[in-house]
Amino acid sequence: MPLKPIDAADAAPEVRAVFDDIKATRNVPDVNNFWKMVAHHPETLKRTWESLKEVMAPGALDPLVKEMIFVAVSVTNGCAYCIRSHEAAARKAGMTDAQFGELMAVIGMANETNRLANGYQVEIDESLK
């Protein structure tokens, strides 16, 4: 039987604590299904949330850029859930339809040229080493 998402009302105290931090940090009324599923293993839930919170915090890269990178990796990995989740976060951070279109074009081109380089087994130019 497949696992079902864990709601805060049914969660262990350590899970509720992480859920509360996610809601406060993201200013949302509830956590999304990703966190509700990962909650089946509280240690992974806590570790993943803490790491994500640290990595996605403002830094040398602004939050929009980070979300767009997350979308790009998610597209390349074929994670529909992650694409939609981080597209929504990117749009909340200001991504426009035009930016999304260009992002998809860059992702498609990068994947195509990466595969061509791998298929042709292209040696790295001396000037790039």
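The slack between Glu43 and Asn111, meaning 0.36 nm per residue of separation minus the straight C-alpha distance, is 21.1 nm. Here the average projected area of the convex hull drawn through the C-alpha atoms of the chain stands at 11.3 nm².
Over all other residues within a Cβ to Cβ distance under 15 Å of Glu102, the charged ones net out to -2, with Lys and Arg as +1 and Asp and Glu as -1.
Mind pulling the per residue volume of the convex hull built on the Cα atoms of the stretch 1-57? Å³ is fine.
Convex hull of Cα atoms, per residue: 78 Å³.
Step through the table entries Lys66/Lys129; Lys66/Lys92; Lys23/Lys46; Lys4/Lys66; Lys36/Lys66, compare each Cα-Cα distance with 18 Å, and write down the pairs that go over it.
The answer is Lys66/Lys129; Lys4/Lys66; Lys36/Lys66.
Placing a pseudo-label 7 Å from each Cα along the Cα-to-Cβ vector at Lys129 and Asn32 gives an inter-label distance of 4.3 nm. Short-range pairs are left out: with C-alpha atoms under 8 Å and at least six residues apart, the relative contact order of the chain is 16 percent. Over all other residues within a Cβ to Cβ distance under 12 Å of Ala88, the charged ones net out to +2, with Lys and Arg as +1 and Asp and Glu as -1.
For the stretch 23-88, what is the relative contact order in percent, using Cα pairs closer than 8 Å and at least 6 residues apart in sequence? Answer for the stretch 23-88 is 17 percent. Between Glu54 and Phe100, the distance separating the two model label sites (each 7 Å from Cα on the Cα→Cβ line) works out to 3.2 nm.
Diagonalising the gyration tensor over the Cα atoms of the stretch 59-129 and scaling each eigenvalue by 5 before taking the square root yields semi-axes of 27, 15, 11 Å, largest first.
Where a number appears in this text, it was derived from the coordinates with a stated rule and is not lab data. Since we're looking at a predicted model, the values are computed, not measured. Heads up, the Cβs are rebuilt from the backbone with ideal geometry, glycines too, and the neighbour counts pull from every protein chain shown.
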